[in-house]
Amino acid sequence: MKYETVTTEAAGGVLWITLNRPEKLNAFDEQMGADLLEALREGEKSAEARCLVLTGEGKAFSVGEDLNMNRSNYDSGKPVRLGEVLQRKYNPIVAKVRRMEKPVLAAVNGVTAGAGLGLALACDLRAASDKATFHEAFIKVGLAPDSGTSFWLTRILGLGRAMEVGLLGEPIDAQKALGLGLVNWVFPDGELRSRVASIAERLAKGPTKAMGLTKRALNRAVVVDMESALEYEMYLQDIAGRTRDHVEGVRAFFDKRDPSFVGE
């Protein structure tokens with residue numbers, strides 16, 4: 001499909017979704033929110049896309065909300081009903097990434113801030129350019145965290161570090177982000193796409209159903225007690241055990257060969 005503010009490209013079982021408002025550092029307007037959600041839905045439905053990658057065009061991954069969209073309200077001193085914006089635009093995107101039963105990678109190519117950071121953190125794995133920077137920028141404009149950043153930062157960083165990031169709003173460079181666990185890899189800027197493509201294509205060849213069930217299990221495990229996690233793991237494993245890929249994986253183990261997964 002063609003979108004106004006997002007481009008898509010399929011290759012090697014991977015669907016690349018690129019935020020494409022580089023002149024605005026890929027800040028979200030209403031159109032980009034709608035385009036990204038629809039692109040995610042299309043990727044979720046596509047049998048050919050067994051892994052998705054989100055990235056940005058130009059110098060930024062995304063700096064979050066385009067504040068110019070509400071410029072007239074701010075100029076007049078009127079309040080903006082941001083809860084409605086989250087409900088309509090950002091929360092459905094974050095939920096779609098987390099609930100999609102396919103791996104979703106973020107290729108963070110530059111600056112990411114605010115809701116853009118929330119989008120990156122919602123992804124299952126994150127690779128960053130060595131030029132990337134991360135900004136929990138809400139405090140700088142008198143706002144509280146949104147787009148899932150409070151949820152993921154506390155779980156990745158711990159409460160004390162998350163408070164530091166949230167209350168001070170200082171930028172985090174790529175190497176520090178790697179040390180904190182905000183990203184899984186840091187690659188030289190010129191190699192980011194090729195290195196991410198290699199990881200994504202490896203995931204695309206994997207047992208897609210089992211990966212989706214793994215996402216379900218890990219999503220649930222961060223919010224429930226151990227007994228509930230054990231029960232849910234048992235339920236998911238029963239599903240996984242009946243897939244074609246599981247049978248193929250065990251046969252390949254017995255045959256001492258690499259498995260050929262089909263995503264079912």
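Just so you know, all these numbers are worked out from the coordinates, no wet-lab data involved. These numbers come from a predicted model, not from an experiment. Every residue, glycine among them, receives a Cβ derived from its backbone with ideal geometry; neighbour counts consider all protein chains shown.
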* Structure fact -> When M226, M69 are ranked with the fewest other C-beta atoms within 10 Å first, the list becomes M226, M69
* So what is the diffusion coefficient of the stretch 1-90 in µm² per second by Stokes-Einstein at 25 °C and 0.890 mPa s, using a Kirkwood Rh over Cα pairs? -> 173
* Once Rh for the stretch 61-187 is found with the Kirkwood sum over Cα pairs, what is the Stokes-Einstein diffusion coefficient at 4 °C and 1.567 mPa s, in µm²/s? -> 86
* Given q = 0.15, 0.21, 0.29 Å⁻¹, what are the Debye log10 I(q)/I(0) values for the stretch 124-190, with equal point scatterers placed on the Cα positions and solvent ignored? -> -0.46, -0.87, -1.33
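Between T7 and E101, what FRET efficiency follows from the Cβ-Cβ distance if R0 is 30 Å, with the result rounded to 0.05? Intermediate results must be reported in sequence, preceding the final value.
Details: r = 24 Å, r/R0 = 0.80.
For T7 and E101, the calculated efficiency is 0.80.
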* Structure fact -> Rounded to one decimal in Å, the inverse mean reciprocal Cα-Cα distance for the chain, i.e. its Kirkwood radius, is 19.3
* **Out-of-range pairs (alpha-carbon distance over 19 Å; input K24/K176; K45/K96; K45/K102; K24/K96)** => K24/K176; K24/K96
* Structure fact -> Cβ density ranking, 10 Å radius, fewest first, applied to Y74, Y3 yields Y74, Y3
* Order of V262, V183 from fewest to most other C-beta atoms within 10 Å? -> V262, V183
* Structure fact -> Bounding extents of the stretch 217-264 in its principal axis frame from Cα atoms, largest first in Å, are 39, 18, 16
